[in-house]
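Structure first, commentary second.
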There are 2 protein chains.
Amino acid sequence: MSERAVVLLSGGLDSATALAIARDTGYDCYALSLSYGQRHATELAAAKRVASAIGVNEHLVLPMALDLIGGSALTDHSIRVPEKESPGIPVTYVPARNTIFLALALGWAEVLEADDLFIGVNALDYSGYPDCRPVFIEAFEQMANLATRRAVEGQRVQIHAPLMQMTKAQIIRRGITLGVDYGLTVSCYQADAEGRACGVCDSCRLRRRGFEEAGIADPTRYASG
Amino acid sequence: MSERAVVLLSGGLDSATALAIARDTGYDCYALSLSYGQRHATELAAAKRVASAIGVNEHLVLPMALDLIGGSALTDHSIRVPEKESPGIPVTYVPARNTIFLALALGWAEVLEADDLFIGVNALDYSGYPDCRPVFIEAFEQMANLATRRAVEGQRVQIHAPLMQMTKAQIIRRGITLGVDYGLTVSCYQADAEGRACGVCDSCRLRRRGFEEAGIADPTRYASG
């Protein structure tokens, strides 16, 4: 039997690539998606397509009412998604999101007897979210190794962030090599019900630029244009 | 305006005391309870009574489908709650529970602009759960200070575990001094629909012994006896 890994899968470009890398490394993959009241619920449909195309042993979609907490344009519909670049951490930042997602992944991993967690965070072509930085991932891993019965019994947990130091273009090239069909993924923060991207939000801009820099045709379906 | 604190409130004896301590320290308290598919759902009714009796600015009950993850006698009804003491970490341990709960508290705290989190963990009269130990709480605090926008902008988050080094008897005496009505709390892992305790699970045994050692009449309603 192969080793098991839990892979956080949003349905976007980065997490699809992280899943493909985990598969390629030889892990039996358990994909975890969170239905957290996000605007871009079409992401979850994308996550299902991606999990099925790349191949996972199980895909768990956990409901998580982060809209009750709010504080982000992604979970509070009264806050607009910005359509221009601006300095600082954008309002699409979801308070403690990666802490919450990794905590749930850690719990599931323990039940599965898995010691490897994958997350598609990236610190180069990213929105400046604090919980996408290497220093955060390292601190989470240290904490995780004190948190669970499994860790206390000597099984070291590892948090893999294989995209951390890659540009968006490098991520896309790597994914293409591994056979990822990016036409299945949705990155847009405000995609329409058919999964068509706005083309102007932060996430769309980073993605579009990535395909341009990679010199690869952009398979994204845009709502207009 | 007073400083705000987010207090994890299960409805049990320890978290009620932690809330009373946070109030006594002068914080405006925001109580967070998780409805996580636990057997002892009467805990949540207790949490509401306790929040109301001690006084909070808001009480948020977040649904959390940890039963979809399972792996514990508290969330998987096919695993029996043990009624005798046994060595090691018991099957009532919920994988990564305090990591998940503190992560959600951290997210809510950021929205509330609160920098103080309270959790009623205890490392003396406890069940041996790894995520109740000081070393875990310290590691979580370090991670939390790298995780959020608020922390990155210079507001240090602190995780308060005021019961950490107290015996159950000391906790009870402290709570009584602060006016906590322990008759409102439910600690039992398998309380009945009326909130009556089994008297034999780990949590009941620790609680009962605490009242005995404190020399205080036990207000717990037991199902039998």
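Read-outs throughout are calculated quantities, based only on the coordinates presented, and are distinct from any laboratory measurement. Since the model is a prediction, treat every value here as computed from it, not as a measurement. Note that we place each Cβ from the backbone using ideal geometry, even for glycine, and neighbour counts take in every protein chain shown.
Close amide H partners of residue B:92, meaning residues 5 or more places away or on another chain with modelled amide H under 5 Å apart, are B:73. According to the Kirkwood relation over distinct C-alpha pairs, the hydrodynamic radius of the stretch B:30-110 is 14.0 Å. For residue B:7, the residues 5 or more places off, or on other chains, whose built amide H falls under 5 Å of its own are B:30, B:31, B:32, B:118. Using only Cα atoms, find the angle between the long axis of helix B:97-112 and the longest principal axis of chain B, and express it within 0 to 90 degrees, rounded to the nearest 10. Here the helix axis deviates by roughly 40 degrees.
Here the scattering of the stretch A:72-156 is modelled by Debye summation over its C-alpha atoms, one equal scatterer each and no solvent; at q = 0.14, 0.20, 0.23 Å⁻¹ the log10 of I(q)/I(0) is -0.58, -0.94, -1.11.
Across chain B, the mean sequence separation of Cα contacts (distance under 8 Å, 6 or more residues apart), normalised by length, yields a relative contact order of 24 percent. For the stretch A:122-132, putting each phi into the Karplus relation 6.51 cos²θ - 1.76 cosθ + 1.60 with θ = phi - 60° gives couplings of 8, 10, 9, 8, 9, 8, x, 5, x, 8, 10 Hz, in residue order, rounded to whole numbers and with x for Gly and Pro.
Neighbour counts of other Cβ atoms within 10 Å put B:50, A:56 in the fewest-to-most order A:56, B:50.
Just checking the listed ones, A:54, A:171, A:69: in the Gaussian network model of chain A with Cα springs under 10 Å, the one fluctuating most is A:69.
Where the centre of each part is set by its Cα atoms, how far does the stretch B:13-31 sit from the stretch A:28-75, in angstrom? The stretch B:13-31 and the stretch A:28-75 have Cα centres spaced 34 Å from each other. The HN-Hα couplings worked out from phi for the stretch A:206-218 by the Karplus form 6.51 cos²θ - 1.76 cosθ + 1.60 (θ = phi - 60°) are 5, 5, 4, 4, x, 5, 4, 5, 7, x, 10, 4, 7 Hz, whole numbers, x standing for Gly and Pro. Hydrodynamic radius of the stretch B:114-225 by the Kirkwood approach over all distinct alpha-carbon pairs: 15.8 Å. Restricting the calculation to Cα atoms, every distinct pair contributes to the Kirkwood radius of chain B, found to be 17.6 Å. When only Cα pairs below 8 angstrom with a gap of at least 6 residues are kept, the stretch B:161-225 shows a relative contact order of 36 percent. Since only A:104, A:71, A:82 are under comparison, the one whose Cα sits farthest along the positive direction of the charge dipole of chain A, derived from C-beta charges on Lys, Arg, Asp and Glu, is A:82. Summing Cβ point charges (Lys, Arg +1; Asp, Glu -1) relative to the Cα centre of chain A gives a dipole of roughly 420 debye. Measuring nothing but alpha carbons in the protein assembly as shown and taking Rh as the Kirkwood radius, the Rg to Rh ratio lands at 1.00.
Averaged over residues, the count of other Cβ atoms within 10 Å places the peptides A:150-161, A:88-99 in the sequence A:88-99, A:150-161, highest first.
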